[in-house]
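S.K.: One structure, as structure tokens, below. Some questions next.
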Amino acid sequence: MPWQNPDTAAEEVFVLGTAGEADGGQVTVRLSGGNEVQVNQSDVFAANPAGMTCPDNTMLIHMSEAALLSNVRERYTAKDIYTLTGSILLAMNPFEALPIYDEARMSQYVGKALGRAPPHVYGIAETAYQMFTKTGKSQSIVVS
């Protein structure tokens, strides 16, 4: 089931559908509602299995902008606001207070390498601390 970009003015940039026949650079895509649209073959991407989410985007089977956005969206919906992409932590604002900042949670990251515990800002802090103690050099964490 590929992702496709049917309309640049649409609210949903990527829509899940099933690819049909390809002809001359165009692909017929059947959308979940049953409608069929013709799209450029370059706008069709492989999708990951339904329900698949990963704590690190680099673990996805298929890599594309659509696949990354889908993974982050699914994690956000499940209130997993942190997702790694390698050593980069993506944080989505939940617009609500979540019970994910306490000493018990922090202790889960002590001494662990990044990615050995669920993605969290505590994991990034622990990685910086480990590098500081190993190298004796200052570490930086960029927040944007």
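S.K.: Of all residues in region 64-81, how many are more than 10 Å from the chain's Cα centre (by Cα) and surrounded by fewer than 16 Cβ atoms within 10 Å (Cβ to Cβ)?
M.R.: Summing the residues that are more than 10 Å from the chain's Cα centre (by Cα) and surrounded by fewer than 16 Cβ atoms within 10 Å (Cβ to Cβ) in region 64-81 gives 3.
S.K.: Right, residue 86: out of contact with any Gly (no Cβ under 8 Å at 6 or more places or on another chain), exposed (fewer than 14 other Cβ atoms within 10 Å of the Cβ) and under 16 Å from residue 57 (Cα atoms) or not?
M.R.: Values: out of contact with any Gly (no Cβ under 8 Å at 6 or more places or on another chain): yes; exposed (fewer than 14 other Cβ atoms within 10 Å of the Cβ): yes; under 16 Å from residue 57 (Cα atoms): yes.
Yes.
S.K.: Quick check on region 47-54. Is at least one of its residues closer than 27 Å to residue 143 by Cβ, out of contact with any Asp or Glu (no Cβ under 8 Å at 6 or more places or on another chain) and open to solvent by 70 Å² or more (accessible area, probe 1.4 Å)? If you could, list the steps in order and put the result at the bottom.
M.R.: Going residue by residue through region 47-54, those that are closer than 27 Å to residue 143 by Cβ are 53-54.
Cutting the leftovers down to out of contact with any Asp or Glu (no Cβ under 8 Å at 6 or more places or on another chain) gives us 54.
Those still in the list that are open to solvent by 70 Å² or more (accessible area, probe 1.4 Å) too: none.
No: zero hits.
S.K.: Does residue 117 fit the bill of being open to solvent by 40 Å² or more (accessible area, probe 1.4 Å) and assigned to a loop (DSSP other than H, G, I, E, B)? Full working, then the answer.
M.R.: Numbers: open to solvent by 40 Å² or more (accessible area, probe 1.4 Å): no; assigned to a loop (DSSP other than H, G, I, E, B): yes.
Considered against the rule, which asks whether it is open to solvent by 40 Å² or more (accessible area, probe 1.4 Å) and assigned to a loop (DSSP other than H, G, I, E, B), residue 117 comes out as no.
S.K.: What's the total number of residues in region 91-111 that are under 21 Å from residue 53 (Cβ atoms) and either without any contact (Cβ under 8 Å) to a residue 24 or more places away in the chain or out of contact with any Phe, Trp or Tyr (no Cβ under 7 Å at 6 or more places or on another chain) (or both)?
M.R.: Taking region 91-111 first, the residues under 21 Å from residue 53 (Cβ atoms) are 91-96, 98-100, 105, 108-109.
Applying the additional criterion that residues be either without any contact (Cβ under 8 Å) to a residue 24 or more places away in the chain or out of contact with any Phe, Trp or Tyr (no Cβ under 7 Å at 6 or more places or on another chain) (or both) yields 92-96, 98-100, 105, 108-109.
Summing the residues that are under 21 Å from residue 53 (Cβ atoms) and either without any contact (Cβ under 8 Å) to a residue 24 or more places away in the chain or out of contact with any Phe, Trp or Tyr (no Cβ under 7 Å at 6 or more places or on another chain) (or both) in region 91-111 gives 11.
S.K.: If residue 112 satisfies every condition in (1) outside any helix (DSSP H, G or I); (2) open to solvent by less than 60 Å² (accessible area, probe 1.4 Å) but one, which is the exception?
M.R.: Result: residue 112 fails condition (2) only.
The values are calculated or read from the model by the stated rules, or taken from the named source; none is laboratory data. Note that the structure is predicted; figures quoted are calculated from it, not measured. Quick reminder, even Gly has a Cβ in these numbers, built from the backbone with ideal geometry, and neighbours come from all protein chains shown. Surface areas here come from the heavy atoms of the whole protein model, side chains and all, with no ligands, DNA or RNA. Shrake-Rupley method; radii C 1.70, N 1.55, O 1.52, S 1.80 Å.
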